[in-house]
Amino acid sequence: MASTLFTPFKLRDLELPNRIVVSPMCQYMSVDGSAGDWHLMHLGQFAMGAAGLVITEATHVSAIGRISPRCLGLYSDENEKTIARVVEFCRKHGVAKLGIQLAHAGRKGSSLPPAQGGKALTAEQGAWKTVAPSALPFGPGWHVPEALTAAGLREVKQQFVDAAQRAARIGFDVIELHAAHGYLLHEFLSPISNQRTDEYGGSLENRMRYPLEVFDAVRAAWPKDKPLGARVSATDWVEGGWTPEETAVFAKSLKARGCDFIDVSSGALDPRQQIPFAPGYNVPFAEKVKKEAGIATMSVGMITRPRQAEDIVSGGKADLIAIARGAMDDPRWAWHAARELGGEAPYPANYQRCTPAVWKP
Ligand SMILES: Cc1cc2nc3c(=O)[nH]c(=O)nc-3n(C[C@H](O)[C@H](O)[C@H](O)COP(=O)(O)O)c2cc1C
């Protein structure tokens, strides 16, 4: 039987050669939001053929929307120039399609990179004022954010639009809006972080309003032939938080507005979360969203083995699978999976001679 993992998948005018995606991975190697040589190496290695689509790390739409001072951004001409250099490099030497994850960290901004402890920055370390739906900190010891006013909401929406226009100029194939992991858009969705009493808080319809407005604005600014998707956390894994049922409703609303795929992750909104980590632990959520919202889904989280990935897509549980740590561990994951499953993955010209049929006894 032919491998489903290695069949093409179409999103608008974009055809991915296979169903494998390299998941966004923050690198904490940027200066003032700009990319450097590290990004050439990091994204370049994946562009060589690890997957059909490679998505950049969370790329923030403003300086205060960054998670840490070392996070990538797309809010200045310099940011745009440095990311364009990386994309040009990946296009020249690689074979994968390229996506960008646009993000705003909300109340989880102004923190140290995980390798330095991941805690909120102190004033001496250059802390900045964070913003969120409500003035509620992520957890003990975290910044108390400023609740966004009507003007603030307009400003952040415009920042997403400006970043999308920059992404279009750079020539990315796909945008993924980051509405997961406890960052700004997820903070609007969850009743734990959103306790507003205006039209952006309370009912599910109200909590979805701002993320949907941002989606509409980005969709209008992004070329019609190019796919736009969103990453969501399907559950907060906390009693009283955002649920898989609400996620399916949100996905349906996004689909009606022209969303092309939902990348289904979970958690990271509240430190009280209890996540039952196990292989493919987010797969049932992707399956639910796919069935109930009738939209293409990407599943992510502890998908490590080719056969496991094949079963997910051939079983109709998700259309695409994303791998993060597995791709760092083995940047040629897709080539090795193709060998195991009898599929074909693209190779760049200079590496054609390493295909096993050519040299392996
Ligand atoms: C180093 C690292 C950085 C990450 N940065 C991001 C990010 O920028 N945006 C995002 O949505 N998820 C991020 N994640 C989460 C991954 O994309 C992925 O969802 C998670 O690691 C589970 O997949 P895995 O089991 O294949 O690693 C990051 C994960 C790792 C390990």
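The values are calculated or read from the model by the stated rules, or taken from the named source; none is laboratory data. The model shown is predicted, which means the values in this text are computed figures rather than measured ones. Every residue, glycine among them, receives a Cβ derived from its backbone with ideal geometry; neighbour counts consider all protein chains shown.
A few remarks follow.
Condition check ((1) under 15 Å from the mean Cα position of the chain (by Cα); (2) part of a helix (DSSP H, G or I)) across all residues:
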{"position": "PRO24", "(1), (2)": "yes, no"}
{"position": "TYR28", "(1), (2)": "no, no"}
{"position": "GLN45", "(1), (2)": "no, yes"}
{"position": "GLY49", "(1), (2)": "no, no"}
{"position": "VAL54", "(1), (2)": "yes, no"}
{"position": "ARG66", "(1), (2)": "yes, no"}
{"position": "ARG70", "(1), (2)": "no, no"}
{"position": "ARG91", "(1), (2)": "no, yes"}
{"position": "GLY99", "(1), (2)": "yes, no"}
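- The residues on offer are ILE83, ILE20, and the sole one that is within 16 Å of the ligand (Cβ to nearest atom) and within 23 Å of GLN308 (Cα to Cα) is ILE20.
- LYS255 out of contact with any strand residue (DSSP E or B) (no Cβ under 7 Å at 6 or more places or on another chain), surrounded by 16 or more Cβ atoms within 10 Å (Cβ to Cβ) and either in contact (Cβ under 8 Å) with a residue 12 or more places away in the chain or within 15 Å of PRO211 (Cα to Cα) (or both): yes
- So GLY182, is it within 16 Å of the ligand (Cβ to nearest atom), among the small types (Gly, Ala, Ser) and crowded, with 19+ Cβ neighbours inside 10 Å: yes
- Residues located in the range 316-337, provided they are within 12 Å of ILE20 (Cα to Cα), of a type in the set (Gly, Ala, Ser) and either within 13 Å of the ligand (Cβ to nearest atom) or out of contact with any Pro (no Cβ under 9 Å at 6 or more places or on another chain) (or both): ALA318, ALA322, ALA324, GLY326, ALA327
- Identity of the residue in the range 66-111, among the basic types (Lys, Arg) and surrounded by fewer than 24 Cβ atoms within 10 Å (Cβ to Cβ), that ends up farthest from PRO211 (Cα to Cα): LYS92
- The residues in the range 24-38 that are in contact (Cβ under 8 Å) with a residue 24 or more places away in the chain and within 14 Å of the ligand (Cβ to nearest atom) can be counted, and the count is 9.
- Lone qualifier among SER265, SER233 - being buried (at least 17 other Cβ atoms within 10 Å of the Cβ), under 26 Å from ALA168 (Cβ atoms) and within 16 Å of the ligand (Cβ to nearest atom): SER265
- For the range 338-350, residues that are within 15 Å of LEU53 (Cα to Cα) and surrounded by 19 or more Cβ atoms within 10 Å (Cβ to Cβ) total 1.
- Screening the candidates LEU112, LEU74, LEU40, LEU136 for the property of being of a type outside the set (D, E, K, R), touching a strand residue (DSSP E or B) at 6+ places or on another chain (Cβ under 6 Å) and at pLDDT 95 or above yields one hit, LEU74.
- Of all residues in the range 288-297, exactly one satisfies the criterion of being closer than 14 Å to SER233 by Cα and surrounded by fewer than 24 Cβ atoms within 10 Å (Cβ to Cβ), namely LYS288.
- Here VAL21 passes the criteria (1) under 27 Å from ALA268 (Cβ atoms); (2) without any contact (Cβ under 8 Å) to a residue 60 or more places away in the chain except the one numbered (2).
- GLU15 being within 13 Å of the ligand (Cβ to nearest atom), modelled with pLDDT of 95 or more and of a type in the set (D, E, K, R): no
- Set PRO223, PRO191: member being within 19 Å of PHE138 (Cα to Cα) and either free of Cβ contacts under 8 Å to residues at least 12 places away in the same chain or out of contact with any His (no Cβ under 9 Å at 6 or more places or on another chain) (or both): PRO191
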